[in-house]
Amino acid sequence: MTEQDQQTKAQQLRLRRTLWGVAFQVSTALVVFGLYLFEMLPLTPVLIYMVAIALTSASFVTLIRTGRNLRFTDPSMTAAQIVAPLWPAILVMFFVTEPQVRTAFLLTATSGLVFGMFALSRTGMLMLSLVIVGSYLLLLIALSVWAPERIDWRIETILVFAYTAVLVTISYLTSYIAGLRNTLREQNLRLNDLVCRDPLTDLPNRRSLMEQLAQETSRIDRRSTDRQQLCISMLDIDYFKRVNDTWGHDVGDAVLRKVGAILTRSMRKGDFVGRFGGEEFIMILPESSLETATMFAQRICQTIADAHFAELPDGEKITVSQGVTEYLNGEHIDATIKRADDALYEAKHAGRNQIIIKAATTPA
């Protein structure tokens with residue numbers, strides 16, 4: 001999966017979570033409207049609440065759809081989406097004529113806090129809990145000044161204490177769950193590395209190479225009929241068997257790692273290199289003509305020939321042979337690889353330390 005595909009998938013997940021939040025706010029808005037119907041809430045705060053919730057929800061959805069959320073440290077805007085509905089709810093709680101109804105809004109704030117488990121640390125969850133409790137305390141102070149008949153401090157003291165305990169518990173539990181999710185994600189990444197990376201060179205293995213080739217060829221087949229958009233080079237270390245037989249497999253492994261490191265450093269942005277098997281590597285070169293790919297292959301040959309391999313005796317050099325070809329739109333990728341392999345075979349039998357280019361001349 002390319003970086004752009006990963007970002008698109010992450011944006012879709014963020015939008016889905018935001019829409020869950022919007023659905024939750026709609027249910028809370030129905031509660032507010034019900035309070036108005038039961039004559040426990042004046043019309044003005046109801047209208048203010050509805051407009052505020054609609055604007056904030058629309059703003060979050062728009063930010064994600066336009067990609068502007070990616071500018072933020074937390075592209076999911078988790079804390080903002082939890083806090084934004086809080087202040088309209090505080091306004092409603094102030095005007096509610098029945099004090100016990102305020103408990104319903106405390107429950108909705110608690111439910112909103114659970115969304116923090118997707119992105120926030122334990123400290124972040126505790127800070128949000130503090131904001132929620134602090135906002136409720138400010139509400140109680142405002143009620144004691146302007147509407148003391150709607151507040152009983154004995155009940156509110158017990159309620160605030162219990163509510164704080166609940167929020168702290170939720171913060172710890174959700175952060176613990178988030179920690180488990182992160183651990184599982186890291187384990188999955190390590191497992192993916194084991195499956196998709198060569199353990200010796202730490203390069204992508206044959207499976208990863210084939211997946212990357214499938215993505216690149218599919219992209220080219222969709223976008224253009226210009227066949228000179230993707231080239232591959234199959235590279236083989238010359239006389240590698242002699243290295244193993246003369247100086248041992250440990251030295252051979254060190255040579256493979258060093259060649260892999262040189263190839264990795266030499267790749268342009270968007271290029272891809274992996275170990276195909278044994279002493280063979282494949283370089284995938286998108287947006288490259290045969291001429292460009294050949295020039296790149298020549299630089300690789302020269303860089304490896306000039307490199308110093310500390311494990312080898314002084315004066316011993318490592319050279320490579322390469323077979324370079326282009327992908328022909330619509331052909332099976334195995335045909336492209338075979339053409340590169342045939343070119344590599346010719347380079348080895350022509351004396352090694354050279355490049356053979358095979359153009360794709362037959363239609364798929």
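The values are calculated or read from the model by the stated rules, or taken from the named source; none is laboratory data. The structure presented is a predicted model; accordingly, all values stated were derived computationally and were not measured. Here the Cβ positions follow ideal geometry from the backbone for every residue, glycine too, while neighbour counts run over all protein chains shown.
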For this session: Identify the single condition in (1) surrounded by fewer than 21 Cβ atoms within 10 Å (Cβ to Cβ); (2) closer than 30 Å to His249 by Cα that Thr361 does not satisfy, given that it satisfies every other one.
Result: (2)
Exercise. When you look at Asn188, is it modelled with pLDDT under 85 and not hydrophobic (A, V, I, L, M, F, W, C), yes or no?
Worked result: yes
For this session: Just give me the residues in segment 250-277 being small (Gly, Ala, Ser) and touching a helix residue (DSSP H, G or I) at 6+ places or on another chain (Cβ under 8 Å), in sequence order.
Result: Gly252, Ser266, Gly274, Gly277
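Condition first: among the acidic types (Asp, Glu), within 22 Å of Ile356 (Cα to Cα) and over 34 Å from the mean Cα position of the chain (by Cα). Now tell me which residues in segment 301-339 satisfy that.
Let us first name the residues in segment 301-339 that are among the acidic types (Asp, Glu), namely 306, 311, 314, 316, 326, 331, 334.
When the remaining residues are screened for being within 22 Å of Ile356 (Cα to Cα), the result is 306, 326, 331, 334.
Result: Asp306, single match.
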Problem set entry | Boolean, Arg299 is surrounded by 16 or more Cβ atoms within 10 Å (Cβ to Cβ), over 17 Å from Lys241 (Cα atoms) and among the charged types (D, E, K, R) | no
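Taking segment 341-354, which residues are assigned to a loop (DSSP other than H, G, I, E, B) and surrounded by fewer than 18 Cβ atoms within 10 Å (Cβ to Cβ)? Even if it seems obvious, please write down each step before you answer.
Taking segment 341-354 and keeping what is assigned to a loop (DSSP other than H, G, I, E, B), we get 350-354.
Selection gives Ala350, Gly351, Arg352, Gln354.
From the list Arg102, Arg14, pick out the single residue that is surrounded by 15 or more Cβ atoms within 10 Å (Cβ to Cβ), of a type in the set (Lys, Arg) and under 20 Å from the mean Cα position of the chain (by Cα). I'd like the intermediate steps shown before the answer.
Values: Arg102 fails: under 20 Å from the mean Cα position of the chain (by Cα).
When all the criteria are applied, what remains is Arg14.
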Exercise. In segment 230-251, how many are out of contact with any Gly (no Cβ under 7 Å at 6 or more places or on another chain) and in a helix (DSSP H, G or I)?
Worked result: 8
Exercise. Looking at (1) in a loop (DSSP other than H, G, I, E, B); (2) assigned by TED's automatic domain parsing to the domain that holds Ser135; (3) not small (Gly, Ala, Ser), can you tell me which one Leu200 breaks?
Worked result: (2)
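Can Ile337 be described as under 12 Å from Ile232 (Cβ atoms) and surrounded by fewer than 18 Cβ atoms within 10 Å (Cβ to Cβ)?
In short, no.
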Exercise. Hey, Tyr327 hits all of (1) among the aromatic types (Phe, Trp, Tyr); (2) surrounded by fewer than 17 Cβ atoms within 10 Å (Cβ to Cβ); (3) in contact with a helix residue (DSSP H, G or I) (Cβ under 6 Å, 6 or more places away or on another chain) but one; which does it fall short on?
Worked result: (2)
For this session: Output the residue which, of all residues in segment 269-288 that are touching a Ser or Thr at 6+ places or on another chain (Cβ under 9 Å) and of a type in the set (D, E, K, R), is surrounded by the most Cβ atoms within 10 Å (Cβ to Cβ).
Result: Arg275
Seminar exercise, completed: Within segment 105-149, the residues that are surrounded by 19 or more Cβ atoms within 10 Å (Cβ to Cβ) and outside any helix (DSSP H, G or I) are Leu120
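Here is a yes/no grid of residues against (1) within 30 Å of Arg207 (Cβ to Cβ); (2) in contact with a helix residue (DSSP H, G or I) (Cβ under 8 Å, 6 or more places away or on another chain); (3) of a type in the set (Phe, Trp, Tyr); (4) touching a residue at least 24 places away in the same chain (Cβ under 8 Å):
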site	(1), (2), (3), (4)
Trp20	no, yes, yes, yes
Phe33	no, yes, yes, no
Leu43	no, yes, no, no
Asn69	no, yes, no, yes
Gln81	no, yes, no, yes
Ala84	no, yes, no, yes
Ala89	no, yes, no, yes
Gln100	no, no, no, no
Exercise. Restricted to segment 181-224, and to residues that are surrounded by 11 or more Cβ atoms within 10 Å (Cβ to Cβ) and acidic (Asp, Glu), which residue is farthest from the chain's Cα centre (by Cα)?
Worked result: Asp221
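When the residues of segment 236-246 are filtered to those that are touching an Asp or Glu at 6+ places or on another chain (Cβ under 7 Å) and touching a residue at least 60 places away in the same chain (Cβ under 8 Å), which remaining residue is nearest to Glu280 (Cα to Cα)? It would help to see each step written out before you state the result.
First pass over segment 236-246, keeping only residues touching an Asp or Glu at 6+ places or on another chain (Cβ under 7 Å): 236-237, 240.
Okay, now just the ones that are also touching a residue at least 60 places away in the same chain (Cβ under 8 Å), so 236-237.
Numbers: Asp236: 5, Ile237: 7 Å.
Looking at the filtered set, the residue picked out is Asp236.
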